[in-house]
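In what follows, a structure is listed as structure tokens, so that the remarks can point back to it.
The values are calculated or read from the model by the stated rules, or taken from the named source; none is laboratory data. Keep in mind that what you see is a predicted model, and the values were worked out from it rather than measured. Cβ sites come from the backbone with ideal geometry, for glycine too, and all protein chains shown count toward neighbours. Each accessible area value is taken on the protein alone, full model and side chains, heavy atoms only, with ligands, DNA and RNA left out. Shrake-Rupley method; radii C 1.70, N 1.55, O 1.52, S 1.80 Å.
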Amino acid sequence: MRKSLMAAALAAACIVLTACGSRGTITVESEGEGSDLLRIARPAKYLLLPVEEACGEKRVTLVTGKPTDVAMDVRLAHDTVDYFVPFELPEGAEEAVVRVEGVAPDALFWERVALSDRFDRSNTDYYRPRYHHTPEYGWMNDPNGLVYKDGEYHLYYQYNPYGSKWGNMHWGHSVSRDLVHWEPLPPAIARDTMGQIFSGSAVVDENNDAGFGEDALIAFYTSAGSRQVQCMAYSTDNGRTFTKYEGNPVLTPFDGLRDFRDPKVFRYGPAQKWYMVVSAFREVRLYSSDDMKRWEYVGAFGDGYGAQPSMFECPDFVELPVDGDAGNRKWVMIANVNPGCMFGGSATEYFVGDFDGRNFVCESAPETAKWLDYGKDHYAAVCFSNTDRRTIAVPWMSNWQYANDIPTMHHRGANALPRELSLYTKDGETYVAADVVEEVRLLRGRSRQAGDMPVDGERMLPDLAEGFDGAFEIEMDVTPCSACRVGMELCNDAGEKAEIYLDMKAGRLVMDRTESGVVSFGRRSEEYADAAPDAPGPMDYVNDFALATWAPLSLCEGGTYHLDIFVDRCSVEIFVDGGRIAMTNLVFPTKPYGAVRLFAEGGAARFSDVTAYELKL
Ligand code: FRU
């Protein structure tokens, strides 16, 4: 059927392929050399493109004849259809023309491509989080352009609207009034002829310094084409739509550096200027500007500091009070690093120090590495602009080692819960605590209390989170007393478990997901073995995903530990003692966890105020 259709198409060089949906007919016209034009009369709203994830990318272009026409890369189906993606057609046009390149004559694409005024966005993923932010469909990575304006938090993000694997970088968009209920909006900035729209930031231009209007929202992103350059776009409708600045790019690297991206712009009060931090391979470069269009190089930080297995990405630079003392403030340089971090792949590092408008002086020894989160699925964390006294970071909850392979289809990628950052001192060092924002309490529904109990050996709480549909919070205080290993397992009746425990001998908080559910999509990479050659017991991993992560308990005061644990369909986030330790890990249990097994080995421990809350939007 497919072959004969296409054979006929080739013979006649033109054939009516299909007539689907409420409007439109598609006529295929071969341009030769594997390029075909789909001529669509009276187009419906969407051309529904069938996608097969295992296929290579093919180019799909809406042909308008203008120089702005840009091809999108879509894994058009050959043998099977995993899902459809909507390709928007011009509204009210007499005809729309779409070019597809490289689709074989016998590809299933020809049978299944369709026209429709509707695209079904209902979730088909078992693992779609219940209360974490996700795109409605398609791929998501880094949060971008985080900014608060007129009561709304804007969360733009690295988005592929044409498939659930990385590609076609746009800025997707969601807004929220409380950081937990997110409303999806259409993508705000689309891939263009200069390149993909990579990560960046947004500010509110209160004084019209850039000349796009008072209170304009100005976005900065990296245009990634044959080189990486910084561009700006502005919005005068509260971030719904953006106009790209005609003078783009506004910043190119002075030395032709290839990896030069992810601009974060902020207002630096003492100099009365705008500043930008940009990742520049193994360092972060600083620039300043009066109008955000002309940027002057100020300096750089990073080379030789902290753990530097590879380049810094998505930098941020924020000032915070130390131990809550507004009169004693320090600067924190956030640098996301990939690959080669402590558990393999991606993680978020930070540096604390002083900044005088020119130089950032890190207060720790260069070899000191501090981490914002000790899980394996916390990356590209950056902070909101314009939130006054609060500093709120949002991470992407995945790891480049396997982000494209996690067992979802309809969407791929979620954000971890927003965290409020603060500084505390411990043993002569200043650390960032990253605690979940208080707004998550709005999600609490039914609760179950298990109260206080000593545990010597084990104690099953079979119903603690039963019926909460795999979306809940567990809070408790744990006093290890004489136990040497004390903690809990989140379990289901498929025999799967996520283990969270304090290893008092090693002085570690550990989360072990080796038996947490589906782990087989992880690959065993050499990188992990190199990064942690003497990985201890709990690191007895079988692949990049099936492993344990750990954090030093020395970050806490000790004695009693307060654990606040957030479980969703495919994630576990642990916050100890108000975020002194944060640990974010994906898990894919085949049935929701509902039971909890508390345990204490080598002595008795005390668990107090053990409570589970159902979490619901
Ligand atoms: C980080 C990153 C950024 C880049 C973006 C591309 O995850 O590699 O450096 O801008 O993703 O999607």
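Some values worked out for this structure:
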{"read-out": "Residues satisfying the stated conditions in segment 253-266, i.e. more than 16 Å from the ligand (Cβ to nearest atom) and either free of Cβ contacts under 8 Å to residues at least 40 places away in the same chain or out of contact with any Asp or Glu (no Cβ under 9 Å at 6 or more places or on another chain) (or both)", "value": "F254, D255, G256"}
{"read-out": "R294 among the charged types (D, E, K, R) and either within 16 Å of the ligand (Cβ to nearest atom) or not assigned by TED's automatic domain parsing to the domain that holds A210 (or both)", "value": "no"}
{"read-out": "Number of the exception - G579 against (1) more than 18 Å from S516 (Cβ to Cβ); (2) in a loop (DSSP other than H, G, I, E, B); (3) open to solvent by 40 Å² or more (accessible area, probe 1.4 Å)", "value": "(3)"}
{"read-out": "Residue within segment 242-262 that is at pLDDT 95 or above, polar (S, T, N, Q) and in a strand (DSSP E or B) present", "value": "yes"}
{"read-out": "Long-range neighbours under 7 Å by Cβ, at least six apart or interchain, first residue open to solvent by 20 Å² or more (accessible area, probe 1.4 Å) within segment 124-149, second aliphatic (A, V, I, L, M) and within 16 Å of the ligand (Cβ to nearest atom)", "value": "T134/M140; T134/A414"}
{"read-out": "Identity of the residue in segment 166-186, within 14 Å of the ligand (Cβ to nearest atom) and either outside any loop (DSSP other than H, G, I, E, B) or open to solvent by less than 10 Å² (accessible area, probe 1.4 Å) (or both), that ends up farthest from E246 (Cα to Cα)", "value": "G167"}
{"read-out": "Per-region count, segment 189-222, residues part of a strand (DSSP E or B), among the charged types (D, E, K, R) and open to solvent by 10 Å² or more (accessible area, probe 1.4 Å)", "value": "1"}
{"read-out": "From G239, G163, G225, residue being open to solvent by less than 40 Å² (accessible area, probe 1.4 Å), in the same structural domain as V298 (by TED's automatic domain parsing) and within 16 Å of the ligand (Cβ to nearest atom)", "value": "G163"}
{"read-out": "E429 being among the charged types (D, E, K, R), open to solvent by less than 50 Å² (accessible area, probe 1.4 Å), modelled with pLDDT of 95 or more and farther than 20 Å from M333 by Cα", "value": "no"}
{"read-out": "Any chance K273 is surrounded by 16 or more Cβ atoms within 10 Å (Cβ to Cβ) and over 30 Å from A365 (Cβ atoms)", "value": "yes"}
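Matching residues to (1) outside any strand (DSSP E or B); (2) in contact with a Pro (Cβ under 9 Å, 6 or more places away or on another chain); (3) within 16 Å of A190 (Cβ to Cβ):
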{"site": "S30", "(1), (2), (3)": "no, no, no"}
{"site": "A44", "(1), (2), (3)": "yes, no, no"}
{"site": "D69", "(1), (2), (3)": "yes, no, yes"}
{"site": "D79", "(1), (2), (3)": "yes, no, no"}
{"site": "P86", "(1), (2), (3)": "no, yes, yes"}
{"site": "P90", "(1), (2), (3)": "yes, yes, yes"}
{"site": "V97", "(1), (2), (3)": "no, no, no"}
{"site": "A104", "(1), (2), (3)": "yes, no, no"}
